[in-house]
Each structure stands twice: as C-alpha cells, then as structure tokens.
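**Student:** Right, I'll just put the structure down here and ask away after.
Taken together, the values in this text are just the output of simple stated rules run on the coordinates, not laboratory data. Because the structure is predicted, anything quoted here is derived from the model rather than measured. Every residue, glycine as well, gets a Cβ built from its backbone with ideal geometry; the counts of neighbours run over all protein chains shown.
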Amino acid sequence: MPTNVLVAYGTTNGSTAEIAETIAEVLRKDGLTARARPARSVPTAAAYDAVVVGGGLYAGRWHKDARRFVRYHRKALAERPLWLFSSGPLDALAYARDIPPVRDVHKVMVRLEVREHVTFGGCLREGAHGWIARMILRGGQGGDFRDFDQIRAWAARIGHELTG
Ligand SMILES: Cc1cc2nc3c(=O)[nH]c(=O)nc-3n(C[C@H](O)[C@H](O)[C@H](O)COP(=O)(O)O)c2cc1C
C-alpha cells in the first residue's frame, strides 16, 4: 500500500487551499496517495500515514482551522511524520527569505516533532472577505505572491523523505 498523506488546510479566501492541492498533486506524482482537505472537515488524522498542515496568516496568527486541527488531532500527529506551512506575506520577496513561523506555529513546533515548516507568499484577490481585505486591495497591496515552483519543490522534498 502506498503511503497515505493528508494535506489539511485552513483558509478564508481559498489561496491556501490551492497551495495544499498543489502539494497533494506533487505527492501523487511521486507515487504516494495524497489528499488535500479542509482541516475542519477531517474526522481523523489517524487514517493517514503522514500529515501536512497549512494555514493562511491573519493578524499574526495561523488560521484557526489549522490551530484547532493540530490541537484536536495532536495524539495522532505526534505519531506521524508531520510538516507545517503558512501562507501570508503579500510581498514579492516572500520566497526569497526565510520567514520565521508565527507564535501559533512555533508552539506546535515545540510540542510536536515537526519535520519542517515553511512560510509561502500569500494571495489577496478581489472578492476577499472582510473590510480589512478590501482596504488592503484598495491600497493596491493585493496580488498573488505565491511561488508555485517553490511550493512544488518543497512538496517534492516531502515526497523524497517519505519514499526514500
Ligand atoms: C485581514 C487580513 C489580515 C492578514 N494578516 C496577515 C498577517 O498577519 N501576516 C501575513 O503574512 N499575511 C497576512 N494577510 C495576508 C493573508 O495571509 C494572505 O492573503 C493569505 O494568502 C490568505 O490565505 P487564504 O486565501 O487561504 O485565506 C492578511 C490578510 C488579511 C485579509
């Protein structure tokens, strides 16, 4: 049976979901079984052999669905290879520097054995929820700062660790 990987994500405006789908796609190409699912709709992490958890960043916090997922499934996660990612910075240099994890993520890294965490650039497009989002967009600071080559390369590393 191929290793069964869960890519669980917390998103408000959908861009973290697209990152999770990309990661799952790369893992499937590497011969693994992989599924991207909203973190809030995963009944049990114990059904998977390895887990990737990602969340968008909002006001310096990891998305609440990602936080809750880790809290709720911590026992299963402690017994499985675990990777984390965040998605947030709306600037073109996000991919060029090593962005430290926010406090929520750091806490998880202290409590659980996390193979790796990475912060990917974020994305904010017209139609995003909330007045702050609208303000950012009106100020011309929106856009798509995700680097899908970087995301695919990271996923490939996970694939190698799980298959190699
Ligand atoms: C209200 C609001 C607050 C945000 N706060 C942060 C933040 O603290 N740090 C950050 O890097 N990005 C921040 N962002 C950018 C988001 O993290 C980025 O748009 C991300 O891609 C959203 O993920 P989602 O589309 O999956 O919800 C913020 C965006 C909004 C609209």
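**Student:** As a test of the formula, what do you get for the chain when each DSSP H run with n ≥ 4 contributes -39,500 (n - 2.57) and the sum is divided by the residue count, at 222 nm and rounded to the nearest 500 deg cm²/dmol?
**Tutor:** When only DSSP H runs of four or more count, the value is -11000 deg cm²/dmol.
**Student:** Give the order of Glu126, Glu25 when sorted by the count of other beta carbons within 10 angstrom, beginning with the fewest.
**Tutor:** By the 10 Å Cβ count, ascending, the order reads Glu126, Glu25.
**Student:** Express as a percent, rounded to the nearest 5, the fraction of DSSP beta bridges in the range 4-163 (both residues included) that run antiparallel.
**Tutor:** Once the DSSP bridges in the range 4-163 are tallied, antiparallel ones form about 15 percent.
**Student:** Among Val53, Val102, Val110, determine the one that fluctuates most according to a GNM of the chain built with springs between C-alpha atoms less than 10 Å apart.
**Tutor:** Of Val53, Val102, Val110, the Gaussian network model singles out Val110 as fluctuating most.
**Student:** What is the Cα centroid distance between the range 26-41 and the range 120-139, reported in whole angstrom?
**Tutor:** Answer, in whole Å: 27.
**Student:** For Arg125 and Arg97, what does the FRET efficiency come to when R0 = 25 Å and r is the distance between their Cβ atoms, rounded to the nearest 0.05?
**Tutor:** 0.60
**Student:** Using a simple spin-label model with points 7 Å from Cα along the Cα→Cβ vector, what separation in nm is obtained for Glu161 and Arg134?
**Tutor:** 4.2
**Student:** Sticking to Cα atoms, compute the Rg of the chain to one decimal and its Dmax as the biggest Cα-Cα distance, whole number, in Å.
**Tutor:** Radius of gyration, then largest Cα-Cα span, for the chain: 15.2, 51 Å.
**Student:** Another question about this same structure. Multiply the residue gap between Asp147 and Arg111 by 0.36 nm, knock off their C-alpha separation, and tell me the result in nm, one decimal place.
**Tutor:** 10.0 nm
**Student:** Tell me the Rg and the Dmax, in Å, that the Cα atoms of the range 120-164 produce.
**Tutor:** Over the range 120-164's Cα set, Rg and Dmax evaluate to 15.6, 47 Å.
**Student:** In addition: By its C-alpha gyration tensor, with a ≥ b ≥ c as the square roots of the eigenvalues, how is the range 8-63 shaped: rounded for a/c under 1.5, else prolate for a/b larger than b/c, else oblate?
**Tutor:** Oblate shape, in that a/c is at least 1.5 and b/c is the bigger or equal ratio.
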